[in-house]
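One structure is given below, encoded as structure tokens.
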Amino acid sequence: MINARSETAASKPSFSDALKHRRCLIPADGFYEWKRTGTSKQRFCFEVNEGELFAFAGLWEGWRDANGTWLKTCTILTTTPNDVTSAVHDRSLYSGSSACGRINYHHVRDGASVNL
């Protein structure tokens with residue numbers, strides 16, 4: 001799973017143990033969200049300070065596949081959106097310098113920066 005809702009991760013068998021023992025930071029310089037309008041979608045790229053590095057709060061897990069090979073996977077925690085991301089999507093990535101707060105994003109649409 002790519003995303004886990006931070007509000008319910010503790011109660012989900014697939015995330016509860018990782019939430020207790022295997023938290024991580026996932027570095028990024030931006031992320032994309034898609035805004036639906038009717039039957040079409042518009043791509044939005046969110047950045048911090050024009051591409052500054054930041055981190056998403058995440059969880060990681062190790063498990064064996066059907067062949068017995070160890071795999072390490074991760075998921076990004078999501079939360080309710082802030083003022084900027086709520087205009088585009090009903091969820092936002094949990095992020096911040098301590099991965100406990102929120103970042104004030106600006107977004108780039110169609111290659112042009114739009115500061116909100």
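Give me the extension gain from LYS20 to CYS74: residue separation times 0.36 nm, minus the current Cα-Cα distance, reported in nm with one decimal.
Details: separation 54, 0.36 × 54 = 19.44 nm, distance 1.42 nm.
Stretched out fully, the LYS20 to CYS74 stretch lengthens by 18.0 nm.
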FRET efficiency (GLU50, THR8; Cβ distance; R0 41 Å; to 0.05) is 0.75
If amide H atoms are modeled at 1.01 Å from N in the peptide plane, then the residues at a separation of 5 or more from ALA4, or on another chain, having amide H under 5 Å from its own are ILE76, LEU77, THR78
Karplus ³J(HN,Hα) for region 60-69 (6.51 cos²θ - 1.76 cosθ + 1.60, θ = phi - 60°; Hz, whole; x = Gly/Pro) runs 10, 8, x, 7, 9, 7, 4, 8, x, 7
Computed about the Cα centre, the charge dipole of region 2-100 from +1 Lys/Arg and -1 Asp/Glu charges at the Cβ has a magnitude in debye, to the nearest 20, of 420 debye
Residue span ASP90 to THR37: 0.36 nm per residue of separation minus Cα-Cα distance leaves a gain in nm of 17.7 nm
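Where a number appears in this text, it was derived from the coordinates with a stated rule and is not lab data. Predicted model, so just to flag it, every value in this text is computed and none were measured. Here Cβ is always computed from backbone atoms with ideal geometry, including for glycine, and neighbour counts include all displayed protein chains.
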